[in-house]
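A short write-up of the structure that comes next.
Every read-out reported here was derived from the displayed coordinates using simple, explicitly stated rules and does not represent laboratory data. None of the values given here were measured: they were computed from a predicted structure. Reconstructed Cβ throughout: ideal geometry from the backbone, glycine too, with neighbour counts over all protein chains shown.
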Amino acid sequence: IKYKKAWKQNIIYEIYPRSFKDSNGDGIGDLPGIISKLDYLQSLGVTALWLNPIYQSPDIDHGYDITDYYSIQPEYGTMKDFELLLEEVHKRDMGLIMDLVLNHTSDQHPWFKASRSDKHSRYRDYYIWRPAGADGGPPNNWSSYLGKSAWTFDEENQEFYMHLYNSTQPDLNWDNPDLRESMYKMMRFWLDKGIDGFRIDAVNAISKDQTFPDSDLSRLQSNGEPFIKNGPYIHDYLQEMNEKVFSQYDIFTAGEMSYISEQDVLDYTHPDRKELSMVISPEASTLGNLPEDEFQQKEWTLDDLREVMQKWQKNVGDPGGWFGLYFSNHDQPRLVNTFGNPVEYRVQSAKMIGTMLHTLKGTPFILQGDELGMTNNPKLHSIDDIKEQQALAYYDVMVNERGEDEEKIMQRIRRKARDHARTPMQWDESNHAGFTTGEPWLPANPNYKEVNVKEQESDPYSVLNYYRRLIEIRKNNPVLTYGEYKAILTDHSQIFAYLRLFMDQTWLVLLNFSEEEAAYSLDPNDIERLADARLLIGNYKESNEIIDLKSGNLKPYEAIV
Ligand code: GLC
Ligand code: CA
């Protein structure tokens, strides 16, 4: 794999297997479906594919609740299909990254069943059990990510078990060395098959302060609190994992984390510390979400965006830590809805955001369909249209338990539900977007007749073909991966602008985040090295056009490199 050595230069494409391509008409995407689309992915130019979990699972959290880490969910295919997929990916000079869920299993996992039914089982301590607190209630007041207590009482053995997510996803006890060895063995099983790395789910949550102090914050969702994330032994466990597993293979790892500082990123990814290769954090894609309730949102400005970028682009990075450009994923609304305008300026804003993704420092992650400018699904009307557990739990807590106005809560869910990012990939204008010949598990976004791969292949000005050019440019110019980032026009309310500096090269990026024209004039010191600048890529102007750097006007959502 070309990008194995220079792994930072990867451009990673996230495949949500359930929704990518169905090969047998049961309405669920599968591994043979992915294999049938590898030529498309190769033509896009991405260098590595990340698969969301495909292990056996009752699917309450769509694969993030695992019952057997060693086998493939039958509806996705067989181990043979997986091996063929890996081979076909490698043939096309791409890498394959698997999702690794370390924080919890399904409550149907044999370990949990044994742990629950027998206090003397060797699996008892694979999970976190505690007797009731003084008042007979849960051992402490932590709430889970889904808004209810992080503890569930088990009738069978009269104790509580802990879960940061759903009660069907009990947390594993990483303080137990046997559990850790079991997990390392499982990782080796996949790495021995020749995969190229892992995306590690919620990894900064695996070590908890097991004195379980109460929290004094009364939050709907308190899992971001420092005592839950980045726990006391997290670095010991990652160093052990690295020594015993990662360092034995030629791979890279991306740790999914939230609630982290610049220093945390350095601690997790500095090469000297031998932990992870990079951190991916949803921080930029959750701008404006209220910390105490992420379904609620306040207006955000470019200053907020600049602040996040300053932190990641400026304060972390070569030769220190490393991070992914993780602006969209299967848990967040669609990129165009978060940063652009999905209606009047869908095409222009999708290209503008794609320009940002491919011209910042770090390793870009593309969620399937971003390269088409796919949008949120306007057809999510009522709670019955929702399939994902976070929004369902939110509805339950807010409407059923707290008696909040249903329409008010549905408005929040319509903006934020994870289902938006999980609608079927839009291949062509045929039924269900060409995703399946049967009934899709989640309906396609009705805009598939206009927004699909087939249509965009033949249009030189499509979002898809623009992404192809961006990817090509990024691959040919290491400045975009490694170059220093310098924010300019930092007072501008419509334009996000920066320079990328690398050896004798200077690149300028101007991005209009608004629906209005935006005038700018640049500081002569900033553009000194850019005397005869020519446009490399933009979403209105033709490449090679000479641009006036001193001052100018950007059209709505215009991007210029
Ligand atoms: C991560 C995944 C999300 C999942 C959660 C629990 O945040 O991205 O989809 O629900 O972890 O595993
Ligand atoms: Ca199928």
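Shape of the range 413-544 from the C-alpha gyration tensor: prolate (a/c of 1.5 or more and a/b above b/c, with a ≥ b ≥ c the square roots of its eigenvalues). Enter the Cα centre distance for the pair the range 338-374 and the range 238-269, rounded to the nearest angstrom. The range 338-374 and the range 238-269 have Cα centres separated by 27 Å.
Modelled label positions at residue 437 and residue 84, each set 7 Å beyond Cα in the direction of Cβ, lie 1.6 nm from each other. Applying 1/(1 + (r/R0)^6) with R0 = 41 Å to the Cβ-Cβ distance of residue 125 and residue 553, what FRET efficiency is obtained, to the nearest 0.05? The value I calculate is 0.05. Length gained on full extension, residue 5 to residue 211: 69.9 nm, using 0.36 nm per residue less the C-alpha separation. The value of relative contact order for the range 344-436, using C-alpha pairs under 8 Å at least six residues apart, is 24 percent.
Could you sort the peptides 182-191, 297-306 by per-residue average Cβ neighbour count (10 Å cutoff), highest mean leading?
182-191, 297-306
Ordering of 322-333, 381-392 by packing is 322-333, 381-392, highest average first (other Cβ atoms within 10 Å, averaged per residue). Each of 529, 124, 500 was scored by other Cβ atoms within 10 Å of its Cβ. Listed from fewest to most, they are 529, 124, 500.
Sorted into 20 angstrom bins from 0, the C-alpha pair distances of the chain split as 21, 56, 22, 1 percent. Got a sec? Which residues in the range 253-272 would a label at residue 415 touch, if it sits 7 Å along Cα→Cβ and we count backbone N under 17 Å? From the range 253-272, the list is empty.
Calculate, for residue 297 and residue 450, the FRET efficiency according to 1/(1 + (r/R0)^6) with r their C-beta to C-beta distance and R0 30 Å; round to the nearest 0.05. After rounding to 0.05, the efficiency reads 0.60. Measuring r between the beta carbons of residue 429 and residue 502 and using R0 = 45 Å, the FRET efficiency lands at 0.60. Taking all Cα pairs closer than 8 Å and separated by 6 or more residues, the relative contact order of the chain comes to 13 percent.
Looking at the P(r) of the range 108-264, how many percent of alpha-carbon pairs lie beyond 18 Å? Every Cα pair in the range 108-264 considered, those over 18 Å come to 62 percent.
Measuring from centroid to centroid over Cα atoms, what is the spacing of the range 125-169 and the range 53-71 in Å? A separation of 22 Å, based on Cα centres. Remark on the range 320-371: hydrodynamic radius 11.5 angstrom, per the Kirkwood mean of 1/r across alpha carbon pairs. Applying both filters, DSSP loop and at most 16 other Cβ atoms within 10 Å, to the GluC sites (Glu not before Pro) of the range 132-218 gives 155, 156. Label separation (residue 527 vs residue 261): 3.9 nm, computed from points 7 Å beyond Cα along the C-beta direction. When each of the peptides 485-497, 367-379 is scored by how many other beta carbons lie within 10 Å of its residues on average, the order from highest to lowest is 367-379, 485-497. Working from label points 7 Å from Cα in the Cα-to-Cβ sense, the residue 516 to residue 408 distance is 3.2 nm.
Restricting everything to alpha-carbon atoms, can you work out Rg to Rh for the range 303-346 with a Kirkwood hydrodynamic radius?
When Rh is taken as the Kirkwood radius, the ratio is 1.09.
Counting neighbouring Cβ atoms within 10 Å and putting the fewest first, the residues 163, 120, 432 line up as 120, 432, 163. Only helical runs count toward this figure. For the chain, summing -39,500 (n - 2.57) over DSSP H runs of n ≥ 4 and dividing by all residues gives -7000 deg cm²/dmol at 222 nm. Shape summary of the range 148-212, radius of gyration then Dmax from alpha carbon positions: 14.7, 44 Å. For a paramagnetic label modelled on residue 542 (point 7 Å from Cα along Cα→Cβ), amide N atoms under 12 Å away are absent within the range 448-463. Taken over the range 1-149, the alpha-carbon convex hull comes to 162 cubic angstrom per residue. Taking 18 Å as the straight-line reach from the Cα of residue 408, the aspartates and glutamates in range (excluding those fewer than 8 positions away in the same chain) are 292, 293, 294, 299, 384, 385, 396. Mark the label point 7 Å from the Cα of residue 401 along Cα→Cβ and return the residues of the range 144-185 whose backbone N is within less than 15 Å of it. Answer for this model: 144-153, 163-168.
Against the compact-protein benchmark of 2.2 N^0.38 Å, the Cα-based radius of gyration of the range 64-103 scales to 1.31. Rounded to two decimal places and with Rh computed the Kirkwood way over Cα pairs, what is Rg over Rh for the range 369-482? With Rg and the Kirkwood Rh in hand, the quotient comes to 1.11. Cross-link pairs exceeding 22 Å between alpha carbons, from the set 2/454; 5/185; 21/91: 2/454; 5/185.
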